[in-house]
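Engineer: After the structure tokens below, expect a handful of questions from me.
The values are calculated or read from the model by the stated rules, or taken from the named source; none is laboratory data. From a predicted model like this one, the values you see are computed outputs, not experimental measurements. All Cβ positions, glycine included, derive from the backbone under ideal geometry; neighbour counts span all protein chains shown. Areas reflect the complete protein model, heavy atoms only, side chains present, ligands, DNA and RNA absent. Shrake-Rupley method; radii C 1.70, N 1.55, O 1.52, S 1.80 Å.
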Amino acid sequence: MTANAARRLIQHYVDNFRRLPWRASPGNLPADPYRVWLSEVMLQQTTVATVAPRFERFVARWPTVEALAAASDEEILSGWAGLGYYARARNLIACAREVARRGGFPTTTADLRKLPGIGAYTSAAIAAIAFGERVAAVDTNVERVIARLHGLERADKAAISALALEMMPLEHPGDFVQAMMDLGATICRPRAPRCHSCPLESDCTALATGNPEAFPKRPPRAVRPHRHGLAFWIVRNGKVWLVRRPPKGLLGGMAALPGSEWSDAQPTGLQTIATVHHVFTHFSLDLHVTARGEPESHGWWQPLDRIEEAGLPTLYRKAIGAALANHDQLAV
DNA sequence: TACACGTGGGA
DNA sequence: TTCCCAAGTGT
């Protein structure tokens, strides 16, 4: 039964193969470990639609891990700007330099796992897809597919991994890994799964219950607090004063408008040029843009007509856009 | 173990 | 508008 299900799963993947820029065709191994690594890191918590063009830009600019390792921190962080989860970019830099120093990627899950930004899932994905190791890469897609297949409300990582490995064929583990993820992304979706199109329809315990969507059970979402912050608008001769944020923490290492610490309290008695609302994973923010005369911190003058070259994360890109819209009105 | 860590698109 | 959430990792 299991072997048949796996065969059907992979056949469905081959028949519906989505030609994504980082993929080798099914059956072809090994894939370029640099491309597999870069795409897997970009895809952490990020959609295929968002990643695809960015991936193309990265490999065009830095075709090899050695090229990436030779780039400056600022170049790479700017290239990452807008993708989010910037610790990934910081780890990407450290990982590229370590891999270049060693002369290539390690080839096993265990050794890949030691590199910065490569955890349990990504190490397994690279090992399976680029090096043909027979190992289960358990992301949320695989977790959901396996949980539904076996009718498990609670998804224990180790149990899921064992069940996935049990189902995995001996040949072409990378195809199986990608087939599972594709099934989760396109058929076995969190909501409104397309069970009538699923190659595992006849094997699925969750479907047999009549409510496959209920598997696995999701924890309730935590309440998201709201905060406020100030951003200082310092302009001169068509240039705006920017700073680089501290290397760790939220938006760590990224270009930014200078400003205050963020707090729970709404600022009062403030002349604001613009206020932008932005939602982070664990809180939302109103950033109030307010004029200041002189720079007080270490930073640089960024020409406003070349603002997209600054590598601004979305929060500050939005804030500057809103400030410019109002600024232009005031200046008329 | 639980929390910090971004963003944009779809329902 | 609001909520959900997408190929997780580090601490």
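Engineer: What list of ³J(HN,Hα) couplings, whole Hz, do you get for region A:230-246 from phi and the Karplus terms 6.51, -1.76, 1.60, once you set θ to phi - 60° and write x for glycine and proline?
Structural biologist: So the J values, rounded to whole Hz, are 9, 10, 8, 9, 10, 10, 7, 6, x, 10, 10, 7, 10, 10, 9, 5, x.
Engineer: For region A:68-74, take each phi angle, set θ = phi - 60°, evaluate the Karplus expression 6.51 cos²θ - 1.76 cosθ + 1.60, and give the result in whole Hz per residue in order, putting x for glycine and proline.
Structural biologist: Values, residue by residue: 5, 5, 7, 6, 7, 3, 5 Hz.
Engineer: So which GluC sites (Glu not before Pro) in region A:257-332 pass both tests, a DSSP loop state and at most 11 other Cβ atoms within 10 Å of the Cβ?
Structural biologist: Hits after loop and neighbour filter: A:Glu261.
Engineer: Which of the chymotrypsin sites (Phe, Trp or Tyr not before Pro) found in region A:65-120 are in a DSSP loop and have at most 16 neighbouring Cβ atoms, other than their own, within 10 Å?
Structural biologist: Sites meeting the loop and neighbour criteria: A:Tyr85.
Engineer: Same structure, new question: Probe of 1.4 angstrom, ligands and nucleic acids ignored: what's the accessible area per residue over chain A, in square angstrom?
Structural biologist: Each residue of chain A exposes 50 Å² on average to a 1.4 Å probe.
Engineer: If you fit an axis through the alpha-carbon atoms of helix A:157-167 and take the longest principal axis of the Cα set of chain A, what angle between them do you get, 0 to 90°, nearest 10?
Structural biologist: Tilt of helix A:157-167: around 40 degrees.
Engineer: Something else now. Given a 1.4 Å probe and every protein chain left where it sits, what share in percent of the accessible area of chain A is carbon and sulfur?
Structural biologist: Ligands and nucleic acids excluded, carbon and sulfur give 52 percent.
Engineer: Classify chain A: rounded, prolate or oblate, from the alpha-carbon gyration tensor (a ≥ b ≥ c, eigenvalue square roots; a/c under 1.5 rounded; otherwise prolate if a/b is larger than b/c)?
Structural biologist: Taking the square roots of the gyration eigenvalues as a ≥ b ≥ c, chain A is prolate.
Engineer: Right, next: Starting from the amide H of A:Ala291, placed 1.01 Å from N in the peptide plane, find each other amide H under 5 Å away whose residue is 5 or more places distant or on another chain.
Structural biologist: Long-range HN contacts for A:Ala291: A:Trp233, A:Ile273.
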